[in-house]
Each structure stands twice: as structure tokens, then as C-alpha cells.
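Each remark here refers to the structure printed beneath this line.
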Amino acid sequence: YIIYFVSKSCFDIVGFGNKQVVEFYKEGRIKSAIDIFKLEEFDNVSPLANKPGWGNVSAQKLYQAIAEKRTITLPRLITSLGISGVGAVISKILADKFESLESIMKATKDELVEIEGLGEIIAEEIYVFFRNSVNIEFINELMRFIHIIPYERKDDFDKDHVLYKKTLVFTGTLS
């Protein structure tokens, strides 16, 4: 999960890939995805710069990359939670519909099922995910370390276009 959390479709932390996640996990530097945001703090106990293959510059670049990702868009955050069946497309649909993580968390199963693009199975996964106390604890702790960019729904159409809100009627036959 931590590898997924730092991946390009989620937090996209530059310089923190599979290799680093596995290495840091084995060393005990990280045990959960939230520990990524505590790495610099942990550096006082076990300096990253002292590890073979690292140095002050490499360590500082990693800490800077992590710091830059403390601000995230709502769709990316939703994707990063690892809800079964919820990737970038479904995350965008949820963000468009609810516009905040809190609203998604409070959504009823019926509200979720009614959303175009979500089936009953994915709606159930989302609903159950946000009713699980372990997931809620994770989200609450994560929110101590990150900031969600306020979400503004973007329509996929041009409101200034001459055909916006117009009805076209074709008569005759079309070939």
C-alpha cells in the first residue's frame, strides 16, 4: 500500500519509489504511509544522510519532495486511500459530486449508488471503507500532515459556446 500511496497517480513523491519504500520499511523508518511525512523528524534518530548511497543533498531533496506533496488535490487524495475499485476516474467523479472529503465520508449508500459511473459494487466498497474505524483513524491522522486544495468542480463544456443550452432538431434523414 505504501508503494501505491507514493505512486504517480497518488501523492507522486519524486525520488521516493518502490526501492526506497521497501528499503525504509525494512529498516523501520516507515511502517505506514503516514510515516512518510514523519521521515524528516525521524532523521534526528537515524540520519538518512549517513546511509550508504545517500548524503546531505539527497536527503534534503527527498525531504523537500515530501514537503511539496503535503498539499494535494481531492481526487488524488481519494485515489491514494486505496479504496477497492476506486482509481483516478472514480475519484474525479466523487470529487465532482461531493467537493470535499468530509461530504464523501458522510455519503449514504443510496447517494453513492445514484452517481452516474458508479455501480452498486463500487458504491458499497466506498460506503464500507468510510465506515471502517481503522480507515477513519488513518484519514484523521493523515489530515494532520497534509492540506487538501479546495476543490472546484470544472465542467467539461464551454458555457460561452453558441450552442450551450440550445436544443438542435434534425428533420429529414441523415446519412
Could you work out the helix-only [θ] at 222 nm for the chain, with each DSSP H run of four or more residues adding -39,500 (n - 2.57) and the total divided by the number of residues, to the nearest 500 deg cm²/dmol?
-12500 deg cm²/dmol
Net charge, residue 137 excluded, C-beta distance under 15 Å - Lys, Arg +1, Asp, Glu -1
+1
Quick one: what are the phi-derived ³J(HN,Hα) couplings along region 61-71, Karplus 6.51/-1.76/1.60 with θ = phi - 60°, whole Hz, x for glycine and proline?
5, 5, 4, 5, 4, 5, 4, 5, 9, 6, 10
Evaluate the distance, in nm, between pseudo-label points positioned 7 Å from the Cα of residue 32 and of residue 45 along their respective Cα→Cβ axes.
1.5
Residue 67/residue 22 FRET efficiency (R0 22 Å; Cβ-Cβ; nearest 0.05)
0.50
With a 10 Å cut-off between alpha carbons and a GNM built on the chain, which of 57, 86, 162 moves the most?
162
Whichever aspartates and glutamates have a C-alpha closer than 17 Å to that of residue 26, once near sequence neighbours (fewer than 8 apart) are set aside
35, 43
Once neighbouring chains are kept in place and the probe is 1.4 Å, which whole percent of the accessible area of the chain is contributed by carbon and sulfur?
52
Exceeding the 20 Å Cα-Cα cut-off - candidates 38/69; 69/109; 8/92; 8/69
69/109
Quote the FRET efficiency, to the nearest 0.05, computed for residue 167 versus residue 89 with a Förster distance R0 of 22 Å and r equal to the Cβ-Cβ distance.
0.15
Net charge near residue 62: determine it from the other residues with C-beta under 15 Å of the C-beta of residue 62, scoring Lys and Arg +1 and Asp and Glu -1.
-1
Determine the shape class of region 56-175: with a ≥ b ≥ c the square roots of the Cα gyration tensor eigenvalues, call it rounded for a/c under 1.5, and otherwise prolate if a/b is greater than b/c, oblate otherwise.
oblate
In the neighborhood of residue 30, defined by Cβ-to-Cβ distances under 15 Å, what is the net charge if each Lys or Arg adds +1 and each Asp or Glu adds -1?
0
Residue-wise, which Karplus ³J(HN,Hα) couplings in Hz belong to region 147-153, taking 6.51 cos²θ - 1.76 cosθ + 1.60, θ = phi - 60°, and x for glycine or proline?
10, 8, 5, x, 8, 10, 5
Provide the per residue accessible area, probe 1.4 Å, for region 1-133, rounded to a whole number of square angstrom.
53
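The values are calculated or read from the model by the stated rules, or taken from the named source; none is laboratory data. Please read these numbers as outputs of a predicted model, since none were measured by experiment. We place every Cβ from the backbone using ideal geometry, glycine too, and count neighbours over all the protein chains shown. Ligands, DNA and RNA are stripped out before the accessible areas are found, and what is left, the full protein with its side chains, is counted by its heavy atoms. Shrake-Rupley method; radii C 1.70, N 1.55, O 1.52, S 1.80 Å.
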